[in-house]
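Encoded as structure tokens, the structure appears first; notes follow it.
The values are calculated or read from the model by the stated rules, or taken from the named source; none is laboratory data. Computed from a predicted model, the values in this text were never measured in an experiment. Cβ coordinates were reconstructed from backbone atoms using ideal geometry, including for glycine residues, and neighbour counts include every protein chain displayed.
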Amino acid sequence: MPLSYLHYDVFTAKPLLGNQLAVFTDARGLDTAHMQAVAREMNFSESTFILPNERPDTDIRMRIFTPFNEMPMAGHPTIGSTFALAHSGVIKKSAKRFVFGLNIGPTPVDLEWADEGLSFGWMTQRLPTFGPIVTQRAACADALGLKPEDLSDTLPVQEVSCGVPFAIVPVSSRAAIDRAAPEPRTLKRAFEDQGLPARHVYLFTVDGGPDGADVYTRMFAPSAGILEDAATGSASGPLGAYLVTHGLASRDETVRNLQGVKMGRPSWISIRPVIQSGAISAMRVGGSAVVVGTGTIALR
């Protein structure tokens, strides 16, 4: 059967930038093996498959696949799929919120509209949790192709998760982040030597630049078959929680995160905490997306 999809660039308002995404707007009849095979065929960092909702507190069911595995949640697929569903008329222009049923449960996206259609989406991610601190910093730096002095000497390398765990790595400068060149086996061993499972790593710096970004980032996930990602919403929530916790951002400001520059696909991700009773209760990650193509895949 022909399987239609929309091709979006996410966390950008301009085509051919941001992070690529394939959205299969009607995946009824596909089993898990077919979804995984199709995602492998597309070979984007992620593809999404839209299905009827399975519970009354969601508007739709969505499954997210990398070329190698299914994800519990992800940021750029959620934002990109929101734009795709608005483009196809599933989300009506009067809607203020749309709730996805992801593998981690209901995930709301708040909607901002312009005359021409959806202009911005804010995904709410769950309460951030802080995990182990990586103590062997020299080994971590070496696995990333950096020197120990390239890492911040006052901030920890620490696991943070809003549904998907990332090792948040504070780096001294943009130049150092741009030099990073992880060796997958060495990176895996650097975690194993500390009794930790292999983790996706999210490098950041607050080193300023003329572009107006508050943080500058790169994400590497060789354990998931993704050497580098152009825009990572699921890492941006944890990063925002890290920044607030360590006094690098205030609780009432929106952080502008610039990722993907080294890949030639600059991506702008907005990050803002949700504060309840004086503490972070969730993280909001937002951005825009633009359709760049349509297509079909023939399945036999």
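Annotations
- Taking the criterion of being more than 21 Å from residue 222 (Cα to Cα) and in contact with an Asp or Glu (Cβ under 6 Å, 6 or more places away or on another chain), the residues of segment 128-186 that qualify are 172, 173, 174.
- Segment 260-300, subset among the polar types (S, T, N, Q) and not in a strand (DSSP E or B), residue nearest to residue 2 (Cα to Cα): 288
- Complete set of residues in segment 151-178 that are over 16 Å from residue 190 (Cβ atoms) and within 16 Å of the chain's Cα centre (by Cα): 160, 161, 162, 163, 164
- Hits in segment 275-294 (condition: surrounded by 15 or more Cβ atoms within 10 Å (Cβ to Cβ) and within 23 Å of residue 159 (Cα to Cα)): 280, 282, 283, 284, 285, 286
- Residue 252 meets all of the listed conditions (1) in contact (Cβ under 8 Å) with a residue 40 or more places away in the chain; (2) of a type outside the set (Lys, Arg); (3) assigned to a loop (DSSP other than H, G, I, E, B) but one, namely (1).
- Spans of strands (runs of 3 or more DSSP E) in segment 1-118 with at least 3 residues of a type in the set (A, V, I, L, M) and out of contact with any His (no Cβ under 7 Å at 6 or more places or on another chain): 60-65, 105-114
Okay, residues lined up against (1) among the hydrophobic types (A, V, I, L, M, F, W, C); (2) surrounded by fewer than 22 Cβ atoms within 10 Å (Cβ to Cβ); (3) in contact with a Cys (Cβ under 7 Å, 6 or more places away or on another chain); (4) outside the structural domain of residue 42 (by TED's automatic domain parsing):
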{"site": "79", "(1), (2), (3), (4)": "yes, no, no, no"}
{"site": "84", "(1), (2), (3), (4)": "yes, no, no, no"}
{"site": "93", "(1), (2), (3), (4)": "no, yes, no, no"}
{"site": "105", "(1), (2), (3), (4)": "no, yes, no, no"}
{"site": "110", "(1), (2), (3), (4)": "no, yes, no, no"}
{"site": "116", "(1), (2), (3), (4)": "no, yes, no, no"}
{"site": "136", "(1), (2), (3), (4)": "no, yes, no, yes"}
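- Scanning segment 35-64 for residues that are more than 21 Å from residue 12 (Cα to Cα), without any contact (Cβ under 8 Å) to a residue 60 or more places away in the chain and hydrophobic (A, V, I, L, M, F, W, C) turns up 35, 37, 39, 49, 50, 51, 60, 62.
- Only one of 71, 62 that is buried (at least 22 other Cβ atoms within 10 Å of the Cβ) and outside the structural domain of residue 189 (by TED's automatic domain parsing): 62
- Scanning segment 128-144 for residues that are assigned to a loop (DSSP other than H, G, I, E, B) and more than 23 Å from the chain's Cα centre (by Cα) yields 135, 136.
- Note on segment 216-230: residues that are touching a Ser or Thr at 6+ places or on another chain (Cβ under 7 Å) and within 18 Å of residue 146 (Cβ to Cβ) amount to 2.
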